[in-house]
Amino acid sequence: MKRSLSLALLLAVIFALPPARAATEADYKAAYAAAEAASKEATGLRNQWTTTVATLAAAKKAADGGDFDRAIAAAKEAEALAKASIFQATSEKEAWKTMEIR
Amino acid sequence: MKARSAILFGSALAALVVGALASTHVTAADKVDPAADIKAFQNFFFQKFPNVKHEDFANGPYSMNEDMKRQWQEKEEFPPYEFALDAGKEMFATPFKNGKTYADCFPDGGIGIRQNYPYFDEKEGKVVTLELALNRCREANGEAPYSYVKDEMASLTAYMAYTSRGKLMDIKIPDDPRALAAFENGKRYFYTRRGQMNFSCASCHVQSPGERIRAEVLAPALGILNAMPIYRSEWSSMGTTSRRFVTCNSQTRAVPLEPQSDEYRDVEYFLSYVANGLPISGPGARP
């Protein structure tokens, strides 16, 4: 009984782990792709932030080291930063005038 | 943490935009009018700093702080840019492989002309800065271009500024829609917030001149290019206008543009034009 339980556990571990890891890597890839797309848009608007670039690089480094949890968190953060920079560039198209000396 | 601050930042921006939209009245001021702009720009600084002599605005941070100015004037006996100046003078006189020199590329042999740069080139339809003109001169004579941010370029521009000291900035905006567009684009670049810190050039150099940021005293935007290029102790070397723009962008966590990109050329055009009438004081030295 005890034995079969540990066997079941072992099997569960063996079968459960690889799919869980694969899913994690796929999640990372999706998160990274989204961040990268937003970051490219910011570059196209000539309004890239140094922090977006650095956080994207950190995501990649974590993923290369197999730490997908951290990689995903960093990728999401990079995407948020890139989106904020896009928002900034878009709103500044008009808002810059409020700063002007007249 | 950072993601949260980005989002917080986003909502702060949103609030700003709502405010901006509410206060935006569509005025006729949307027409490009450099003559009106220079008047407003200079008046702003003359009124904000009534005790600063007008020509002193060409001395960057020193115009804002008497102690600093005294220390600088003492240092001027053995200025740290002297080495670059000598190097620039020699480079200027040394012929290229084809026997020509820089003097062949410029009006008046390149002596005493700094105050006319940047200019709007009607053939190209774009702004041409002194740094750009120097590299184009090299390439036209079969020489490789120099880095825009230091060393040789700083030495050459230092020498050209030195031969122009005291001449009044004299930037022309021809009656050409492309020149007006370049001016307007430079103005927009100057006032546009960028980088994670959400600062524009004006946040520091219009709203806060004279204030300290880390150990440095912020220079006023008026006359801010008249002393270029500069020796900075923090760099332990000379830096060009391009180098200064790159550094200022990075400080706000904005990825800098390529030196001599259209935006940098245009913002140099704008800042130089609004400094018309102020003397060339370069090369400069900064603590």
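The values are calculated or read from the model by the stated rules, or taken from the named source; none is laboratory data. Computed from a prediction, not measured in an experiment: that's the story for all the values here. A quick note on method: Cβ atoms are made from the backbone with ideal geometry, for glycine too, and the neighbour counts reach across all protein chains shown. These area figures cover heavy atoms from the full protein model, side chains too; ligands, DNA and RNA do not enter into them. Shrake-Rupley method; radii C 1.70, N 1.55, O 1.52, S 1.80 Å.
Here are some notes:
- Within the range A:40-79, the set of residues being facing chain B (nearest Cβ under 10 Å), in a helix (DSSP H, G or I) and either in contact with a Ser or Thr (Cβ under 9 Å, 6 or more places away or on another chain) or not hydrophobic (A, V, I, L, M, F, W, C) (or both) comprises A:Ala42, A:Thr43, A:Thr50, A:Thr51, A:Thr52, A:Val53, A:Thr55, A:Ala74, A:Lys76, A:Glu77, A:Ala78, A:Glu79.
- Residue list for the range A:71-87, filter: charged (D, E, K, R) and surrounded by fewer than 22 Cβ atoms within 10 Å (Cβ to Cβ): A:Lys76, A:Lys83
- Scanning the range B:256-269 for any residue that is surrounded by fewer than 23 Cβ atoms within 10 Å (Cβ to Cβ), within 26 Å of B:Val52 (Cβ to Cβ), away from chain A (no Cβ under 14 Å) and under 11 Å from the mean Cα position of the chain (by Cα) turns up nothing.
- If you filter the range B:94-145 down to residues that are of a type in the set (Asp, Glu) and within 25 Å of the chain's Cα centre (by Cα), you find that the one that is least open to solvent (accessible area, probe 1.4 Å) is B:Glu131.
- Within the span defined as the range B:230-244, one or more residues are surrounded by 22 or more Cβ atoms within 10 Å (Cβ to Cβ), farther than 29 Å from A:Val53 by Cα and modelled with pLDDT of 95 or more.
- Which listed residue is in contact (Cβ under 8 Å) with a residue 24 or more places away in the chain, polar (S, T, N, Q), assigned to a helix (DSSP H, G or I) and surrounded by fewer than 24 Cβ atoms within 10 Å (Cβ to Cβ), from A:Thr98, A:Thr90: A:Thr90
- In the range B:164-223, residue farthest from B:Lys69 (Cα to Cα) [restricted to those that are acidic (Asp, Glu) and open to solvent by less than 40 Å² (accessible area, probe 1.4 Å)]: B:Asp176
- Looking only at the range B:62-91, and only at residues there that are basic (Lys, Arg) and without any contact (Cβ under 8 Å) to a residue 60 or more places away in the chain, the one that is nearest to B:Gly110 (Cα to Cα): B:Lys69
- Of the residues B:Glu74, B:Glu90, B:Glu82, the single one that is under 18 Å from B:Pro287 (Cα atoms) and over 23 Å from the mean Cα position of the chain (by Cα) is B:Glu74.
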